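Structure first, commentary second.
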Amino acid sequence: MRQTDFDGRGSQVRWTQTPGAEPARVYVHGLGAASAVYHAHVAARGELAGRRSLFVDLPGHGISDRPADFGYTLEDHADALTAALDAAGVRGAELVGHSMGGSVAIVLAHRRPELVARLVLTEANLDPHPPTTAGSGAIAAYGEEEFVT
């Protein structure tokens, strides 16, 4: 497991990785998930083998810290992911983002294009007018207490 500070106050974003050829492939999970659990079976497929792969858990998910004073916006998550990629020495990566992770990957690619050579987005919530009913947009509108109970 690797880790780095992402907020200047000691909160850690953590990731696991497998060795392999560069450029790295970085997996970014969606809301309520964790990267290693969600993406390891995909990275293990023969046609994807041989690349350095990072499984980053965004703040509040998996093995990363969950600071109470973190904003948890897409931009905040992109900053935390940027800290992880900088600490890991990643440049020109292929970012594989699912759901909210895809949206975070887009923000990161816009802000730091040198970190990203390719975006692979699955169900990345790109609708500018999301439905107000079922779906991850509606789920994301809940506060933590409402979501958990």
Q | Residues of the range 60-104 with amide N under 15 Å of the 7 Å Cα→Cβ point at Thr18 | A | 96
Q: Assign unit charges at the C-beta atoms only (+1 for Lys and Arg, -1 for Asp and Glu), then state the dipole size of the range 2-148 relative to its Cα centre in Debye, rounded to the nearest 20.
A: 660 debye
Q. Using the alpha-carbon centroid of each, what span in Å lies between the range 59-84 and the range 91-111?
A. 14 Å
(Q) Quick one: 3J(HN,Hα) in Hz for the range 121-126, Karplus 6.51/-1.76/1.60 with θ = phi - 60°, rounded, Gly and Pro as x. (A) 10, 10, 6, 7, 6, 9
Q. Under the Karplus relation 6.51 cos²θ - 1.76 cosθ + 1.60, θ = phi - 60°, what is the ordered set of whole-Hz ³J(HN,Hα) values for the range 45-57, x standing for Gly and Pro?
A. 4, x, 6, 10, 5, x, 9, 4, 10, 10, 10, 8, 9
(Q) Can you work out the Karplus-derived ³J(HN,Hα) for every residue in the range 93-109? Use 6.51 cos²θ - 1.76 cosθ + 1.60 with θ = phi - 60°, whole Hz, and x for glycine or proline. (A) 7, 9, 9, 10, x, 9, 6, 4, x, x, 5, 4, 4, 5, 4, 4, 4
Q. For the range 16-122, with equal point scatterers placed on the C-alpha atoms only and solvent neglected, what are the log10 I(q)/I(0) values from the Debye formula at q = 0.14, 0.19, 0.20 1/Å, to two decimals?
A. -0.46, -0.88, -0.98
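None of the figures in this text is laboratory data; all of them are computed from the coordinates on show. Computed from a predicted structure; not experimentally measured. Ideal geometry is used to build each Cβ from the backbone, glycine not excepted, and the neighbour counts take in all protein chains shown.
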